[in-house]
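Q: Take a look at the following structure, please.
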Amino acid sequence: MLYKAIGFDYGGVIAGVTGKEFDKLVCDFLKVSLYEYREAYFKFNQLMNNGQVTGPELWRMVLSELGRSGRYDEFIEFQSKIPHHKVNLDTLQLVDRLRKNGYKVGLLSNNTMKSAGHIRSTDLINHFDACVISAEIGMSKPDPKIFEYFFSKLGIAPHQAIFIDDAEKSLSTATEVGYHPIFFKNHNDLIRELKSLGVRVD
């Protein structure tokens, strides 16, 4: 078995809409370009991922950067209606099949303490051999150290692992760390890519 472990991002892979879908929803709502939004968002998002600010505090910074401070309350209401924690059952069933087939499976998420509490309060984490959430440990993707910590929790070397994420930025240090990255677009493409790598998915 070439690969011994498969890691999954949470938001956009295990649950909720993909990052690409979320970005489009936000840009359409705020009437800003994708470039403007991403410039503002990535200027501050590491503060939230590392547990230094809350989600609402992050959005206040981002909207201020975009000149949209006056829309903060309506944006928070809009953003709260996006199904961030709705589990994608196809992907979760894949996690269970991989585990049954002998692979270690792990969850690694850039997320807030509030979301960490939600994730850990559900049955979801029982589907995984390890669960690492950025705000709880003060590190976030794509920092190589969080991947090294994650793979150590799974008990495998990075080169024995695949990691799946819907944010290309989160996968940007894959070569440095040594794992095989998969950029998540949709469930069917994921299955095809895993099969092409020799992973038993059935």
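Q: How do 143, 189, 129, 123 rank when sorted from fewest to most other Cβ atoms within 10 Å of their own Cβ?
A: 123, 189, 129, 143
Q: Expressed as an acute angle from 0 to 90° and rounded to the nearest 10, what is the orientation of the C-alpha long axis of helix 19-30 relative to the principal long axis of the chain?
A: On a 0 to 90 degree scale, this one is about 10.
Q: Hey, another quick one. Give the angle, between 0 and 90 degrees and rounded to the nearest 10, that separates the Cα long axis of helix 55-65 from the longest principal axis of the Cα atoms of the chain.
A: The angle comes out at about 50 degrees.
Q: Right, next: What is the antiparallel percent of DSSP beta bridges lying wholly in the chain, to the nearest 5?
A: 5 percent
Q: Please report, to one decimal in angstroms, the Kirkwood hydrodynamic radius of the stretch 157-202 built from all distinct Cα-Cα pairs.
A: 11.1 Å
Q: If you place +1 on the Cβ of every Lys and Arg and -1 on the Cβ of every Asp and Glu, how big does the dipole about the Cα centre of the stretch 147-193 come out, in debye to the nearest 20? Write out the running numbers ahead of the final one.
A: Working: 4 positive and 7 negative charges, 21 e Å.
Its charge dipole is roughly 100 debye.
Q: Just want the ordering: 87, 95, from fewest to most Cβ atoms lying within 10 Å of their own Cβ. It would help to have the intermediate numbers written out before the result.
A: Working: 87 16, 95 20.
Fewest-to-most ranking of 87, 95: 87, 95.
Q: Can you pull the three principal axis extents for the Cα set of the stretch 1-50, in Å, largest first?
A: In descending order, the Cα extents are 48, 22, 17 Å.
Q: Would you calculate the convex hull of the Cα atoms in the stretch 130-175 and tell me its volume per residue in Å³?
A: Spelled out: Cα convex hull of the stretch 130-175, divided by residues, is 76 Å³.
Q: Relative to the Cα centre, what is the charge dipole magnitude of the chain, using +1 at the beta carbon of each Lys and Arg, -1 at the beta carbon of each Asp and Glu, and rounding to the nearest 20 debye? Display every interim value, and only then the final one.
A: On the way: 25 positive and 25 negative charges, 76 e Å.
Computed about the Cα centre, the dipole is about 360 debye.
Q: Can you give the percent of C-alpha pairs in the stretch 19-80 whose distance is more than 13 Å? Numbers along the way, then the final one.
A: Working: 1131 of 1891 pairs.
The calculated P(r) of the stretch 19-80 puts 60 percent of pairs beyond 13 Å.
Q: A follow-up question, please. Going toward the positive end of the dipole of the chain, with +1 on Lys and Arg Cβ and -1 on Asp and Glu Cβ, which of 79, 54, 151 do you reach last?
A: The Cα lying farthest towards the positive end belongs to 151.
Q: Any chance you could list the semi-axes, whole Å, largest first, of the equivalent ellipsoid that the Cα gyration tensor gives for the chain, using √(5λ)?
A: 30, 17, 16
Q: Given +1 on the Cβ of Lys and Arg, -1 on the Cβ of Asp and Glu, and no further charges, what dipole in debye does the stretch 19-80 carry about its Cα centre, rounded to the nearest 20?
A: Working: 8 positive and 10 negative charges, 28 e Å.
So the dipole magnitude of the stretch 19-80 works out to roughly 140 debye.
Q: Take the cross-link list 20/100; 20/86; 43/104; 4/43; 43/114 and give me the ones stretching past 27 Å between alpha-carbons.
A: On the way: 20/100 31 Å; 20/86 17 Å; 43/104 34 Å; 4/43 35 Å; 43/114 21 Å.
Listed pairs above 27 Å: 20/100; 43/104; 4/43.
Q: A follow-up question, please. Please compute the length gained on full extension between residue 35 and residue 137, using 0.36 nm multiplied by the number of residues separating them and subtracting their Cα-Cα distance.
A: Stretched fully, the residue 35-residue 137 segment lengthens by 33.7 nm.
Q: Tell me, what is the percent relative contact order of the chain, built from C-alpha pairs under 8 Å that lie six or more residues apart?
A: Details: 296 pairs, mean separation 58.4, N = 202.
Contact order relative to length: 29 percent.
Q: To continue, here is another question. Grab the beta carbon distance between residue 42 and residue 4, set R0 = 30 Å, and tell me the FRET efficiency rounded to 0.05.
A: Step by step, r from the Cβ atoms, then E = 0.40.
Q: Among 141/195; 31/81; 24/153, which pairs are too far apart, with a Cα-Cα distance over 24 Å?
A: 141/195; 24/153
Just so you know, all these numbers are worked out from the coordinates, no wet-lab data involved. Just so we're clear, the structure is a prediction, and the values are computed from it rather than from any experiment. Note that each Cβ is placed from the backbone with ideal geometry, even for glycine, and that neighbours are counted across all protein chains shown.
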